[in-house]
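Okay, so here's the structure we're looking at.
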Amino acid sequence: MFWYEPDVEQVEERKAMVNNPKTLFYGSSSIRLWDNLYKDFEAYKPLNMGFGGSTLAACIVYFDRLMTGLNPDIFVLYAGDNDLGDGRHPEEVLIFFRQMVVEVRKRFGNIPLVYLSVKPSIRRFNIIEQIRFTNKIISSEIKKMDENVFFVNIFDKMMDGNRYPNRSLFQSEGLHMNENGYAVWKNTLLDFFKEHNIALR
């Protein structure tokens with residue numbers, strides 16, 4: 001996985017610049033490209049730990065290296081999108097998700113772990129049913145886990161009335177989000193935090 005190294009090093013640089021972050025946003029480029037994340041979640045003392053192209057598998061590989069020295073109160077995860085885009089099956093993504101929960105619990109204890117569902121996208125509309133199924137089985141799995149693992153459904157909020165990804169939320173390349181898309185994520189997460197009393201210790 002050497003091709004991730006430049007992006008992983010950028011995460012390490014961002015990590016060094018944030019003093020005692022309390023909410024970690026970990027995952028793929030959908031996290032990395034969230035330009036307003038620090039402003040949007042200022043009250044939660046965030047750290048952007050997204051690295052481009054990362055899969056859930058890659059998030060596990062680099063977990064110990066990137067998480068060393070951190071002591072968060074909240075862990076937000078977005079990954080799985082690229083696994084499916086690379087041709088992995090939903091069941092494989094589920095296996096990686098289970099392992100990620102194990103890693104978070106082992107290192108950080110029973111803090112809130114918030115998983116953002118795999119988003120729909122125009123470019124990956126050809127695998128939309130795999131995305132739906134992945135969200136379904138991960139959501140079902142989370143219901144069997146401890147009460148501090150949460151599933152946040154952003155998939156439905158990003159679809160239009162014709163059951164197609166809402167074009168107004170995406171950049172022209174059809175995969176990554178624009179400011180409108182990130183506004184949906186921000187509002188959904190903030191509302192979810194309040195509804196479920198997810199807060200800093």
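The values are calculated or read from the model by the stated rules, or taken from the named source; none is laboratory data. Source: prediction; values computed, not measured. Backbone-built Cβ (ideal geometry, glycine too); neighbour counts: all protein chains shown.
Looking at the structure I just gave you, is residue 133 crowded, with 20+ Cβ neighbours inside 10 Å and in a helix (DSSP H, G or I)? No, not satisfied.
Just to be sure, is residue 58 surrounded by fewer than 17 Cβ atoms within 10 Å (Cβ to Cβ) and within 26 Å of residue 186 (Cβ to Cβ)? The answer is no for residue 58. Out of 182, 115, one residue alone is touching a Leu at 6+ places or on another chain (Cβ under 7 Å), outside any loop (DSSP other than H, G, I, E, B) and within 16 Å of residue 76 (Cα to Cα). It is 115. Residues that are touching a residue at least 12 places away in the same chain (Cβ under 8 Å), charged (D, E, K, R) and over 19 Å from residue 116 (Cβ atoms) within segment 8-44 comprise 12, 14, 15, listed in sequence order. When the test is whether a residue is free of Cβ contacts under 8 Å to residues at least 12 places away in the same chain and more than 14 Å from the chain's Cα centre (by Cα), residue 103 does not pass it.
Kindly provide the set of residues from segment 81-105 that are within 19 Å of residue 175 (Cα to Cα) and of a type in the set (S, T, N, Q), ordered by number. Across segment 81-105, the qualifying residue is only 82. Mind checking which residues of segment 8-47 are acidic (Asp, Glu) and either surrounded by fewer than 18 Cβ atoms within 10 Å (Cβ to Cβ) or part of a loop (DSSP other than H, G, I, E, B) (or both)? The answer is 9, 12, 13, 35, 42. Quick one: in segment 144-199, of everything that is among the hydrophobic types (A, V, I, L, M, F, W, C) and either more than 19 Å from the chain's Cα centre (by Cα) or more than 26 Å from residue 101 (Cβ to Cβ) (or both), which residue is surrounded by the most Cβ atoms within 10 Å (Cβ to Cβ)? Among those that are among the hydrophobic types (A, V, I, L, M, F, W, C) and either more than 19 Å from the chain's Cα centre (by Cα) or more than 26 Å from residue 101 (Cβ to Cβ) (or both), it is 169.
Restricting to segment 165-179, count the residues that are touching a helix residue (DSSP H, G or I) at 6+ places or on another chain (Cβ under 7 Å) and in a loop (DSSP other than H, G, I, E, B). Summing the residues that are touching a helix residue (DSSP H, G or I) at 6+ places or on another chain (Cβ under 7 Å) and in a loop (DSSP other than H, G, I, E, B) in segment 165-179 gives 3. Each residue in segment 82-111 was checked for being among the polar types (S, T, N, Q) and crowded, with 17+ Cβ neighbours inside 10 Å, and 1 of them qualify.
Being in contact with a Pro (Cβ under 8 Å, 6 or more places away or on another chain), among the polar types (S, T, N, Q), at pLDDT 95 or above and on the phi < 0 side of the Ramachandran plot holds for only one residue in 71, 148, and it is 148. Scanning segment 61-81 for residues that are part of a helix (DSSP H, G or I) and buried (at least 23 other Cβ atoms within 10 Å of the Cβ) yields one hit, 81.
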